[in-house]
Amino acid sequence: MNLPTALPERLCPLVDEHRERRQEPVRFRPEIWRARLEPHGVAGVLEIGRAGSPTGERLISREDLARLRDEVGADPDGLRGLFAAVMIWGSGTTNGRGPRYTKAALEDRQLLSVLVGTRAKVCAGDLEGAYRGFRVNGVGRSFFTKWFAVVDDGSAAERALILDDRVFRTLNALGWVSWRAAGTRNRAARYVAYVRDMHSWAKELDVAPAWLEWLMFDLSGNVRPQEGPPTAAAGK
């Protein structure tokens with residue numbers, strides 16, 4: 001196994017600049033999702049989180065997902081609901097295709113076996129196997145790594161992390177190249193290298209790996225020093 005990649009030179013000052021910021025809940029509109037979820041018996045997750053506005057919007061946080069994960073455990077029906085909640089959280093109000101993609105996934109006959117199987121692999125620390133095993137209609141890396149991060153219960157040494165396009169933009173801007181870090185162009189191995197390096201950097205920087213992942217998401221490739229006071233933290 002390759003050794004962790006050295007800490008990027010520009011990452012330390014970025015972390016120091018943003019260290020006090022925290023990820024905010026994501027706003028979503030239940031009524032946009034209801035028709036996609038009700039036929040599959042998972043519309044109950046639309047009550048997750050808390051009310052966000054008088055117009056019916058709600059707020060869902062990473063902590064809400066963690067509580068739901070602990071409630072459902074390995075129950076198959078519960079995992080389907082948790083998956084729908086992850087898709088809602090990942091889409092928020094900005095990804096208008098999220099409900100359509102979630103519907104496509106819920107209609108995929110292999111969804112349940114994939115959710116059960118990848119959850120088991122993630123909790124066992126087999127992130128490469130989980131990555132290779134997630135093949136569901138409508139769900140790509142940006143969303144199935146969100147699933148990995150949420151279902152990880154901390155049993156393994158290094159918790160799964162989200163790798164979406166915004167995180168990738170920041171990594172690339174910092175000079176991190178996934179295939180070089182992994183020593184191969186295999187996508188599953190490159191994801192494992194990302195998780196390994198992020199945990200190594202987080203330890204060196206004295207921050208939580210999930211917080212470092214969120215910061216990279218929030219920066220979305222902008223690794224220049226910030227001018228003026230920091231903006232409010234964005235959700236994912």
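Would you mind computing, in nm to one decimal, how far apart the modelled labels at residue 120 and residue 157 are, each placed 7 Å from Cα along Cα→Cβ?
Result: 2.3 nm between the two label points.
Taking every pair of alpha-carbon atoms in the chain, give the share separated by more than 32 Å as a whole percent.
19
Please get the size of the charge dipole for the stretch 114-236, origin at its Cα centre, with Cβ charges of +1 on Lys and Arg and -1 on Asp and Glu, quoted in debye to the nearest 20.
Here the size comes out at about 540 debye.
Provide, in order from the shortest bin, the percent of all Cα-Cα pairs of the stretch 1-77 in each 10 Å bin, continuing until the bin that contains the maximum pair distance.
14, 30, 24, 19, 13, 0
Shape of the stretch 34-114 from its Cα gyration tensor (a ≥ b ≥ c, root eigenvalues): rounded if a/c is under 1.5, otherwise prolate when a/b > b/c, or oblate?
Oblate shape, in that a/c is at least 1.5 and b/c is the bigger or equal ratio.
How far apart, in nanometres, would the label points at residue 112 and residue 177 be if each is projected 7 angstrom from Cα along the Cα-to-Cβ direction?
Between residue 112 and residue 177, the simple spin-label model gives 4.6 nm.
Taking Cα atoms, how many degrees apart are the long axis of helix 62-72 and the longest axis of the chain, rounded to 10 and kept between 0 and 90?
For 62-72 against the chain, the angle is about 50 degrees.
Could you work out how far apart the two model spin labels at residue 220 and residue 53 are, taking each label as a point 7 Å from the Cα in the direction of the beta carbon, and quote it in nm?
If labels sit at residue 220 and residue 53, their model points lie 1.8 nm apart.
Calculated from DSSP H runs of 4 or more alone, at -39500 (n - 2.57) each and per residue, what is the 222 nm mean residue ellipticity of the chain, nearest 500? Could the numbers behind the result be given before it?
Values: 12 runs with 127 residues, N = 236.
Only helices count here, giving -16000 deg cm²/dmol.
Quick one: helix 76-91 against the long Cα principal axis of the chain, what's the angle to the nearest 10°, folded into 0 to 90?
60
Only the coordinates and a few stated rules stand behind these numbers; no lab work does. For clarity, every value in this text was computed on a predicted model and none was experimentally measured. Methodologically, a virtual Cβ is constructed for each residue, glycine included, from the backbone with ideal geometry; neighbour enumeration extends over all protein chains shown.
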